[in-house]
Amino acid sequence: MNSLTFRYAQEQDSNLILQFIKELAEYEKMLDKVVATPELLKEWIFKNKKAEVIFAMENGKEVGFALFFYNFSTFLGRAGIYLEDLFVKPDYRKKGYGKALLKKLAQIALERGCGRLEWACLDWNKPSIDFYLSLQAKPMDEWTVYRLTGKTLENIAKD
């Protein structure tokens, strides 16, 4: 794994970021839900600075990515990092690259004074769950994620 490096994504990487998002969505059986475009990614990640992306690179080639942003813990009184997506291309799995990406994110969190690093995982994704548990990550099973999107979000905003 000594050929593994990391780099932050730049605006010109928007197509590549979308490619990784689509590969992850395909793995998660949700490709039909992806409506992101390179233009939207440029706007929200790079112009509005609402998220960041790092790539895991093997010999100069992007083989994995992590998209993350800040959240905030009122109990800790400080920001945390929320990992929205982590994906390593299938041909590069079982090399420790997923763990290396999480380690890099943990380093970023600590360097920035964040109090936690957290993410969600699909209930059926046993390989990922087993991986996260092997890192001693704790499932937050007493919490349920709720979401408003699309028409429901619009309707609640109108009321």
Checked against the structure, the computed Rg and Dmax of the Cα atoms in Å among [x] 15.4, 49; [y] 14.8, 46; [z] 16.3, 55 is the one labelled [z]
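In the chain, what % of DSSP beta bridges are antiparallel (nearest 5)?
On the way: 22 of 25 bridges.
Here the share of antiparallel DSSP bridges comes out near 90 percent.
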Taking the chain and counting helices only, DSSP H stretches of n ≥ 4 at -39,500 (n - 2.57) each over all residues, the nearest-500 ellipticity at 222 nm comes to -9500 deg cm²/dmol
Any GluC sites (Glu not before Pro) in region 108-159 that lie in a DSSP loop and have at most 16 other Cβ atoms within 10 Å would be Glu142
Within region 84-129, DSSP-loop trypsin sites (Lys or Arg not before Pro) with at most 11 other C-beta atoms within 10 Å are Lys94
Taking the alpha-carbon centre of each part, the distance from region 63-84 to region 1-62 in Å is 17
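Readers should treat all values here as calculations from the given coordinates under stated rules, not as data from a laboratory. Keep in mind it's a predicted model, so treat the numbers as computed, not measured. As a convention, Cβ positions derive from the backbone with ideal geometry for all residues, glycine included, and neighbour counts pool all protein chains shown.
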